[in-house]
């Protein structure tokens, strides 16, 4: 395969502590723009949520943003103690392993996919994933990890336990799963089989028929977290199963007290991904009096502003205490 020369690497972005960003976001709200006003409202709601010590803070997101530099912003939130539980997709594990151990590259949405395949790349939007950095790399890493887990007697781990083991195994500050296990943040993957890591679990289980993933154990842990929460809030990025699992579990405690949705999906087709926060009220997943906002935006565009706003306001509270 002939590689494409001169490709730029995808690099994680980390949010700065910046009073200027806070001023900018507040000015965007005062300006009365369409989504810029919602962005400012989202920043204020998240700041309120993050400032409450008695609030359990959920973070849910799909896998795609972990393939981009936005992974660094998720790491910032976890590292700074602003997340109590993560609900994500199996592909998050794939991309965190692959990007920690190798590199992804900048491409474009218009590239020739037939030519890319011949050159040895997968395309995820405008991100290029070298083929050997994905399936083959994940297979080698996961088969070794699963073998070691089984040798220790872990024949029925939960996804929380799997994610913790992957984070420990990667042992790199570049890794989101590393920071989650280091900060004691549980990571739940309700759709664990839907990805490369999931395929490796299946392959391992075909050879070791006593091996299982204990998804019921994950639900018990989520129940413990939810029922112990005096208040709860969620930053919900994207949609699908990760979004639904976060809001679904919170209905059992009467709904979220804080809810910030970031989405590009529309609601007219009845999809959960496009459903606005207000619809969740009718299901009891969000409280009627919850602080809530629906922000229509590409998360990779707005997360740098939101995370920078949140970290700066946290630093301000710390300085005043």
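Could you look through segment 212-225, keep only residues that are touching a residue at least 60 places away in the same chain (Cβ under 8 Å) and surrounded by 20 or more Cβ atoms within 10 Å (Cβ to Cβ), and pick out the one that is nearest to residue 296 (Cα to Cα)?
Of everything passing the filter in segment 212-225, 222 is nearest to residue 296 (Cα to Cα).
Just checking, how many residues over segment 107-119 are surrounded by 16 or more Cβ atoms within 10 Å (Cβ to Cβ) and either assigned to a helix (DSSP H, G or I) or in contact with a helix residue (DSSP H, G or I) (Cβ under 7 Å, 6 or more places away or on another chain) (or both)?
Number satisfying all stated conditions: 2.
Within segment 199-254, count every residue that is under 29 Å from residue 270 (Cα atoms) and part of a helix (DSSP H, G or I).
Total meeting the criteria: 21.
All but one of (1) surrounded by 23 or more Cβ atoms within 10 Å (Cβ to Cβ); (2) over 15 Å from the mean Cα position of the chain (by Cα); (3) farther than 23 Å from residue 259 by Cα hold for residue 46, so report the exception by its number.
Of everything listed in (1) surrounded by 23 or more Cβ atoms within 10 Å (Cβ to Cβ); (2) over 15 Å from the mean Cα position of the chain (by Cα); (3) farther than 23 Å from residue 259 by Cα, residue 46 misses just condition (3).
All but one of (1) surrounded by 21 or more Cβ atoms within 10 Å (Cβ to Cβ); (2) closer than 24 Å to residue 186 by Cα; (3) in contact (Cβ under 8 Å) with a residue 40 or more places away in the chain hold for residue 79; state the number of the condition that does not hold.
Among (1) surrounded by 21 or more Cβ atoms within 10 Å (Cβ to Cβ); (2) closer than 24 Å to residue 186 by Cα; (3) in contact (Cβ under 8 Å) with a residue 40 or more places away in the chain, the lone unmet condition for residue 79 is (1).
Does at least one position in segment 58-68 carry a residue that is more than 15 Å from the chain's Cα centre (by Cα) and either assigned to a loop (DSSP other than H, G, I, E, B) or exposed (fewer than 15 other Cβ atoms within 10 Å of the Cβ) (or both)?
no
For segment 32-53, how many residues are part of a helix (DSSP H, G or I) and over 19 Å from residue 301 (Cα atoms)?
4
Tally the residues that are crowded, with 21+ Cβ neighbours inside 10 Å and under 26 Å from residue 68 (Cα atoms), restricting the search to segment 250-276.
6
Looking at (1) over 22 Å from residue 68 (Cβ atoms); (2) over 23 Å from the mean Cα position of the chain (by Cα), which is the one condition that is false for residue 160?
That leaves (2) as the condition not met.
Quick check on residue 147: is it assigned to a loop (DSSP other than H, G, I, E, B) and closer than 14 Å to residue 212 by Cα?
no
Read-outs throughout are calculated quantities, based only on the coordinates presented, and are distinct from any laboratory measurement. Small disclaimer: the values here were computed from a predicted structure and weren't measured. Positions of Cβ are generated from backbone atoms using ideal geometry, with glycine treated the same way; all protein chains shown enter the neighbour counts.
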